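In what follows, a single structure is set out as structure tokens and then discussed.
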Amino acid sequence: DKLWFFMTTRQIDLSNEMDVWASDYGDDLEKADSGQLWRWYVAKLTYQLGPSHSFVAAWNSDPAEIYGDDGLKVAAEAQHIQEQGGNNLTLDYTWIASPRLFINAKLGWVRGMLNTIPESGYSEASYYDSSSRWTWGNARSYTHNDRDKDLYQASATYFLDGVLGISHEIKAGFELHQNKDAFRSGFTGGGTYYTTQNEGEPNKKYVNED
């Protein structure tokens with residue numbers, strides 16, 4: 001019997017600061033963080049049970065965050081954070097039933113997501129000035145998108161030699177993919193305050209339903 005294990009990781013962090021309109025408006029600018037954080041993780045476990053049986057478990061994940069990309073007219077506290085990536089797991093079994101017959105079965109699970117998260121959480125309200133197109137207080141909305149998938153696969157391969165002097169490979173099996181997408185969205189603070197004044201206090205409240 002033999003056991004192999006492999007693992008690796010990698011990270012890329014790109015960060016800087018950008019000037020955006022300050023929350024108190026006027027001609028002031030403030031600094032907002034901007035950047036991208038990418039991570040990769042890979043792990044694999046292989047177990048060879050005698051000459052005929054092999055088990056493989058593999059996992060990888062690629063989480064990432066992209067932030068501070070909403071533009072000059074969005075105050076620092078009103079930016080979005082984009083989260084993406086997920087976890088992927090596969091289990092693979094191979095049986096060499098004979099020198100001519102190979103049996104394989106595989107299970108796989110993908111748990112992915114693509115979310116836009118408000119910088120200041122979900123309860124704080126957002127303010128938007130329609131004349132200057134300036135947003136402050138918080139991001140105006142959020143989205144959660146789950147991208148899940150299940151995989152089921154099995155196959156049998158038979159090698160047939162010497163028929164009419166030709167080698168043949170006969171294969172049969174099935175493969176099933178089940179996608180499980182879910183999407184949710186909403187507005188921070190229950191809605192967005194709109195104003196036509198370049199001042200801090202709004203003169204009208206507009207409420208969006210989830």
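Rolling a 1.4 Å probe across all protein chains gives residue 124 an accessible area of roughly 100 Å².
For the chain, which semi-axes, largest first and in whole Å, follow from the square roots of 5 times the eigenvalues of its Cα gyration tensor?
Numbers: eigenvalues 615, 71, 32 Å².
They are 55, 19, 13 Å, listed from largest to smallest.
Full extension of the chain between residue 19 and residue 3 yields a length gain of 0.4 nm, computed as 0.36 nm times the residue separation minus the alpha carbon distance. Computed from the Cβ-Cβ distance with R0 of 25 Å, the FRET efficiency linking residue 111 to residue 158 stands at 0.10.
In this rough spin-label picture, where each label sits 7 Å from Cα along the Cβ direction, the residue 167-residue 182 distance is 4.9 nm.
Highest GNM mean-square fluctuation, the chain, Cα pairs closer than 10 Å: which of 170, 103, 66? Comparing 170, 103, 66 in a Gaussian network model of the chain, the most mobile one is 170.
Using a Gaussian network model of the chain in which every pair of alpha carbons under 10 angstrom is joined by a spring, one finds that among 29, 114, 49 the greatest mean-square fluctuation is at 49. Between residue 91 and residue 144, the modelled label-to-label distance comes to 2.8 nm, taking each label 7 Å out from Cα in the direction of the beta carbon.
Heavy-atom accessible surface of the chain, averaged per residue, reaches 62 Å², computed with a 1.4 Å probe. Annotation for residue 62 and residue 36: the two label points, set 7 Å from Cα along the Cα-Cβ direction, are 1.2 nm apart. Reported to the nearest whole Å, the Cα centre-to-centre distance from the range 29-93 to the range 117-180 is 13.
Figure note: 195, 116 ranked by solvent-accessible area, largest first, 1.4 Å probe, ligands and nucleic acids not counted: 116, 195.
Springs between Cα atoms under 10 Å define the GNM used for the chain, and in it the highest mean-square fluctuation of 192, 135, 94 occurs at 94.
The values are calculated or read from the model by the stated rules, or taken from the named source; none is laboratory data. Note that the structure is a prediction, hence the values are computed from the model and not measured. Because the Cβ atoms are built from the backbone with ideal geometry, glycine has one as well, and the counts that use them run over all protein chains shown. Surface accessibility is based on the protein's heavy atoms, side chains included, excluding ligands, DNA and RNA. Shrake-Rupley method; radii C 1.70, N 1.55, O 1.52, S 1.80 Å.
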